[in-house]
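Take a look at the structure set out below.
The values are calculated or read from the model by the stated rules, or taken from the named source; none is laboratory data. Note that the structure is predicted; figures quoted are calculated from it, not measured. Quick reminder, even Gly has a Cβ in these numbers, built from the backbone with ideal geometry, and neighbours come from all protein chains shown. The accessibility values were calculated without ligands, DNA or RNA, using every heavy atom of the protein model including side chains. Shrake-Rupley method; radii C 1.70, N 1.55, O 1.52, S 1.80 Å.
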Amino acid sequence: MKAEDSSQAKRSGQRNRPDPAVTKALRRAYLLLRKQQGHQQWWPGETRFEVCVGAILTQNTSWKNVERAIANLKHASALEPERLSRLPRSELCELIRPAGYFNVKADRLRSFLQMLNRDFNGDIDAMLAGPTATVRERLLSISGIGPETADSMLLYAGHHHSFVIDAYTKRIFTRHGWCHPNADYETLQRLCEQSLSQKSGAKQLDYWQDYHAQLVVVGKDYCRPKQPLCEQCPLSSLLP
Ligand code: SF4
C-alpha cells in the first residue's frame, strides 16, 4: 500500500485518488469494527446545541470529564443558548471546571455563543445551515475552534458530510500503513472522504458518524500510544 505524502501532494497541487488497496482496507476495517463493537450511536447529546458545547468541552480531555461538566450545566438549567449566554464568566468556569482548561474553554464557548447570538439570533439550526464548506469556514472563524471541533459539530450536530479526524485516527492509520506518518488533517480527511463515499444520503452520514466513533473506541481500548493491544484488537487482521 502506498501512503500519501501530504507535503508532496500539496507542493505539486495534486489531489490524488487514494490507493485502491487502502480504500479496500478502510472499508473492511469498518465491517470488522461494527461486527465486534456494534453501532456506537454517536454523538452523545440530546440537542444540537448540546453536541456543539460537548465538542468544545472535549478538547484535550476525556469524555468522562465532559460528561461531568455537561451534567453541571444541565443541573444549573444552563444548557441552552440564551441561559448559557447570560451566565457570568466565573459561574460558567465553575460549572465546566471538570472538563479541564476551564478558563480557555469558557472563552471558546462565549466566542461560539457570541456568533450564535449576533449572527443567528440564537438559532443553532440556522448557524449550522448552508453549504458544508460555508458552515465549516464559519465555525473555523470562531476563536479556539479548529478542524476537529468544527467537523464534529458539522457531522454530528449539523448532519453535514464532513469526516472527523483525530489523534486516534492518525495513530491507527499510520500503524497500518494507510497514511504517511506526516499526513496532515486535510490529507487524512480527504483520504477518508474519498475512500468511504460508497453510500449516499442518510446512510452515508450514519456511516461516517459511526466510523469515527468506532475509531475512537479502538484508540482508547486497544491502540494505545505505547504497547498497543493488537492481539485483542478487531483490526489485527489488517496489520501490514
Ligand atoms: S491496536 Fe494494533 S491492530 Fe489495533 S488498531 Fe492499533 S495497531 Fe492496529
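Matching residues to (1) more than 12 Å from the ligand (Cβ to nearest atom); (2) in contact (Cβ under 8 Å) with a residue 40 or more places away in the chain; (3) touching a Cys at 6+ places or on another chain (Cβ under 9 Å); (4) not assigned by TED's automatic domain parsing to the domain that holds CYS52:
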{"position": "THR134", "(1), (2), (3), (4)": "yes, no, no, no"}
{"position": "HIS180", "(1), (2), (3), (4)": "yes, yes, no, yes"}
{"position": "GLN209", "(1), (2), (3), (4)": "yes, yes, no, yes"}
{"position": "GLY219", "(1), (2), (3), (4)": "no, yes, no, yes"}
Restricting the first residue to the stretch 96-109 and requiring it to be in the same structural domain as MET153 (by TED's automatic domain parsing), which pairs with a second residue that is surrounded by fewer than 17 Cβ atoms within 10 Å (Cβ to Cβ) and among the small types (Gly, Ala, Ser) meet a Cβ separation below 6 Å and a spacing of at least six or different chains?
ARG108/GLY144
Output for Cβ contacts, cut-off 7 Å, separation at least six or different chains, first residue touching a residue at least 60 places away in the same chain (Cβ under 8 Å) in the stretch 136-163, second small (Gly, Ala, Ser) and open to solvent by 10 Å² or more (accessible area, probe 1.4 Å), reads GLY144/SER111
Only residues that are in contact (Cβ under 8 Å) with a residue 12 or more places away in the chain and part of a helix (DSSP H, G or I): list them for the stretch 222-238, please.
SER237, LEU238
PHE173: passes all of (1) part of a helix (DSSP H, G or I); (2) crowded, with 21+ Cβ neighbours inside 10 Å; (3) within 16 Å of the ligand (Cβ to nearest atom); (4) within 14 Å of the chain's Cα centre (by Cα) but (4)
When you look at CYS192, is it within 16 Å of the ligand (Cβ to nearest atom) and either surrounded by fewer than 19 Cβ atoms within 10 Å (Cβ to Cβ) or in a loop (DSSP other than H, G, I, E, B) (or both), yes or no?
no
Restricting attention to the stretch 37-54, does a residue exist that is touching a Lys or Arg at 6+ places or on another chain (Cβ under 7 Å) and at pLDDT 95 or above?
no
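Residue by residue, here is whether (1) modelled with pLDDT of 95 or more; (2) touching a Leu at 6+ places or on another chain (Cβ under 8 Å); (3) small (Gly, Ala, Ser) holds:
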position: THR174; (1), (2), (3): yes, no, no
position: ALA183; (1), (2), (3): yes, yes, yes
position: GLU193; (1), (2), (3): yes, no, no
position: LYS199; (1), (2), (3): yes, no, no
position: GLY219; (1), (2), (3): yes, no, yes
position: SER236; (1), (2), (3): yes, no, yes
